[in-house]
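**Student:** The structure that follows is given in the form of structure tokens.
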Amino acid sequence: MGDQVRAKAVALNPTPGSHTAAVLTLGAAEAVEVFDTTTGTVLQNYITFGQDSSGSYSGIAYSADGKHLMFSQDSSNVTIANVSSKAC
């Protein structure tokens, strides 16, 4: 069982059959976790560089092909992160 965190926003991967989702977290060392929706296993973490280690309340979204995540950060930056092939 993983650490308990609060989800600020959740995005489902649009890739058919992927069974993955990304969560923008509050109370975790990582801004984003990608997890398997059938098992709950965390497949990928996104840890920001610099001083802004958290996501914001503005949401999170996958690209149409499920290969990238886009989310805003509290410092008003927008991040585009690659999704690991095992998490697609």
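The values are calculated or read from the model by the stated rules, or taken from the named source; none is laboratory data. Being a predicted model, the structure only gives us computed values, none of them experimental. Keep in mind that these areas ignore ligands, DNA and RNA; they rest on the heavy atoms of the full protein, side chains included. Shrake-Rupley method; radii C 1.70, N 1.55, O 1.52, S 1.80 Å.
**Student:** In what order, largest first, do 26, 12, 69, 43 sit by accessible area if the probe radius is 1.4 Å?
**Tutor:** Ranked list, largest accessible area first: 12, 26, 43, 69.
**Student:** Give the long-range amide H neighbours of residue 8: residues separated by 5 or more places, or on another chain, with amide H under 5 Å away, using H modelled in the peptide plane at 1.01 Å from N.
**Tutor:** Here 24, 25, 26 satisfy the definition.
**Student:** Still on this structure, I have one more. Near the amide H of residue 13, under 5 Å away, which other amide H atoms are found, from residues 5 or more places off or on another chain, if H is placed in the peptide plane?
**Tutor:** Here 20, 21, 22 satisfy the definition.
**Student:** Give the ranking of 67, 86, 8 by solvent-accessible surface, highest area first, calculated with a 1.4 Å probe. Display every interim value, and only then the final one.
**Tutor:** On the way: 67 115, 86 140, 8 40 Å².
Solvent-accessible surface, decreasing: 86, 67, 8.
**Student:** Just by accessible area at a 1.4 angstrom probe, what is the order of 62, 46 from largest to smallest?
**Tutor:** 46, 62
**Student:** Let me ask something additional. Could you derive backbone 3J(HN,Hα) for the stretch 62-69 from the dihedral phi with the Karplus parameters 6.51, -1.76 and 1.60 (θ = phi - 60°), listing whole Hz in sequence and x where the residue is Gly or Pro?
**Tutor:** 8, 5, 4, 8, x, 9, 9, 10
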